[in-house]
Amino acid sequence: MSLGALLDNSVAHERIPVAVDRRLTTGAWAGLALLVVQLLVLHIGRSATDGFATWGIVSWAFTGFGHPEGAYTLTQGVIVAGLVGAVVTRGFTRAATVGHSGQLGLLAAGVASAVPTAWILTVLVAIVVAAVVLVAIGATVTVLMVGLGIAVAPAVWRFCVAVTPVLWRTAVAVLPVLWRLTVAVLPAVQLLLWIPKLLVRILRLPFR
Amino acid sequence: MSDRPSTHAASRSGCRPRPAAFTAHPAPALVVTSADLLLAGSHGLDLPPARLEELRHQSRCTLAAAERARAPISCLGPGFVPDRPRLYPAAASDWVLTPLEDDPLHRNGRFPIPAKARRHLGRLHRARISFDDVLVAHEIPKDLAPSVLPVPAVGGAIELDPADLADLIVHPGPAPSTRRFAATAGNIAGAIGRLAGTAGKVVATAAVAPILTVGCLDPVIFGIQRIPGEPHAGVIYELVRWEW
């Protein structure tokens, strides 16, 4: 037996597989899912034209920090590479078993997924903060209005209860007078409005 | 023992210092190193001075070729070379010395060799340094042999049947560095998974294989250059050694 036979029948010890680690494979799939979410975020940023949130960090996240096309294409490429890697490594399980190199690849994927993770977390935090602020403002106004309504309503009710009879008596007393006045005055008013029309007609006769 | 090629001290001839005629010396009852295993069996090997000088020249050439290939080795001198596996009891552990063709790790086609040692052997092979045979010495736990052999291992060397080796020489499993790397990678993946909202659903499993409990196997690879006219003897070189 020669050295060649020994080398032909040997394997690098570091490449002998370890047991499949579910954390590694789950982490790899989680990283791929994060990249898909990132792609959706960038797609929304590319598609939206009017009325889109333009404040601060949300704008940066949705527009790829000012480079929407480049960020979108890059994310697409990484996802495709990840899917190819998933097929080749049988769902990342093979990569978890093949010594250093496979685990290094999964580790690199995990580190790379830290980018979209931080990105998405920042966007989520920003959205949550905005929502909380809006809800807080709306709640405050609502509470104020309800409080005001509750405090003022009895007074308003009492005012209405008190004023209504007065208005009624006033109306009952005033309306007949107004009616007689109208009946008396209306013909004179009509006559007053008709006289100018007559004068206009008389004055236009020579010019026909 | 460390993961490095052997750097045995060399005399002017490049070989370990020997009595001038390479005559035998009594074999100790217990041996402590794998090199001593072969030296212990060298008693009775008498060679004429001319043949010794020829062997010295041959070993110098071999060592020089290995140096040029950046894969230094050490020469242990001529000695008897066992044709069958042997068990050598030692103080702290036992040793199994076997021709490569009988080694169970080699026979199953997946002999694990650390990458650094493998590169060293590859350089030797590419340098076309000729070795007629390869011997492998494995260290086994002290109490293993008596539990699997029909005859308790006491006293001197015991010749073994190749079929006995499968019980004595156990695969070391994944490398410790790979297991540590897998554990680290798994921890990072778990942390990312928790950030991504899969917390509580990622069941952390042990990223390491069960720790080898059989004991350490510290293989040593010997290269043998047969001596013409001496069917059971050869010039012995220690090529590489490592620890799992």
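The values are calculated or read from the model by the stated rules, or taken from the named source; none is laboratory data. Not measured: the values here are computed from a predicted model. Neighbour counts are summed over all protein chains in view; Cβ atoms, including those assigned to glycine, are modelled from backbone coordinates with ideal geometry. The area values use the complete protein model at the heavy-atom level, side chains included, leaving out ligands, DNA and RNA. Shrake-Rupley method; radii C 1.70, N 1.55, O 1.52, S 1.80 Å.
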- Message: Skipping prolines and chain starts, which residues have an amide H placed within reach, meaning under 5 Å, of the one on residue A:10, given they are 5 or more residues away or on another chain?
- Response: B:111
- Residues in segment B:223-244 near a label at residue A:5, defined as backbone nitrogen under 19 Å from the 7 Å Cα→Cβ point? B:223-228, B:231-240
- Task: Using R₀ = 30 Å, calculate the FRET efficiency as 1/(1 + (r/R₀)^6) where r is the Cβ-Cβ separation of residue B:101 and residue A:93; round to 0.05.
- Result: 0.25
- Which far-off residues, 5 or more places away or on another chain, put their amide H under 5 Å from the one on residue B:94, with H placed in the peptide plane? B:140, B:142
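Given a Förster distance of 30 angstrom, what is the FRET efficiency for residue A:130 paired with residue B:191, based on the Cβ-Cβ distance and rounded to 0.05?
Efficiency, rounded to the nearest 0.05: 0.60.
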- Item | Formal net charge of residues neighbouring residue B:66 (Cβ-Cβ distance under 13 Å; K, R +1; D, E -1) | +4
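Highest mean first, what order results for B:120-130, A:71-81, A:140-150 on Cβ atoms within 10 Å?
Numbers: B:120-130: 18.4, A:71-81: 15.5, A:140-150: 9.9.
Descending packing order for the listed peptides: B:120-130, A:71-81, A:140-150.
Determine the total buried accessible area between chain B and chain A, counting protein heavy atoms only with a 1.4 Å probe; round to the nearest 100 Å².
On the way: alone 12830 and 15470 Å², together 24560 Å².
That pair hides around 3700 Å² of surface in total.
If I take R0 = 41 Å and measure r between the Cβ atoms of residue A:203 and residue A:174 in this structure, what FRET efficiency does the formula 1/(1 + (r/R0)^6) give, to the nearest 0.05? Numbers along the way, then the final one.
On the way: r = 42 Å, r/R0 = 1.03.
That gives a FRET efficiency of 0.45.
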- Task: Quick one: net charge around residue B:129, please, counting Lys, Arg +1 and Asp, Glu -1 for every other residue with C-beta under 13 Å from its C-beta.
- Result: +4
- Could I have the simple spin-label model distance between residue B:126 and residue A:80, label points 7 Å from Cα toward Cβ, reported in nm to one decimal? 3.6 nm
- Note on the structure: HN-Hα couplings for segment B:172-183 via Karplus (6.51, -1.76, 1.60; θ = phi - 60°), in whole Hz with x for Gly/Pro, come out as x, x, x, 5, x, 5, 5, 5, 5, 4, 4, 5
- Chain lengthening between residue A:104 and residue A:184 when straightened (0.36 nm per residue, less Cα-Cα): 18.3 nm
- Query: Residue by residue through segment A:157-172, which ³J(HN,Hα) values in whole Hz follow from phi under the Karplus form 6.51 cos²θ - 1.76 cosθ + 1.60 (θ = phi - 60°), with glycine and proline marked x?
  - Reply: 4, 4, 4, 4, 4, 6, 7, 4, x, 4, 4, 5, 4, 4, 4, 4
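Give the average, rounded to an integer, of partner chain Cβ atoms located within 10 angstrom of each Cβ in B:96-109. Provide the component values of the computation, followed by the final result.
On the way: counts 0, 0, 0, 1, 6, 2, 1, 3, 0, 3, 6, 1, 1, 4.
Neighbouring Cβ atoms belonging to other protein chains average 2 per residue here.
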- Item | Radius 15 Å from Cβ of residue A:76, net charge of other residues (Lys, Arg +1; Asp, Glu -1) | 0
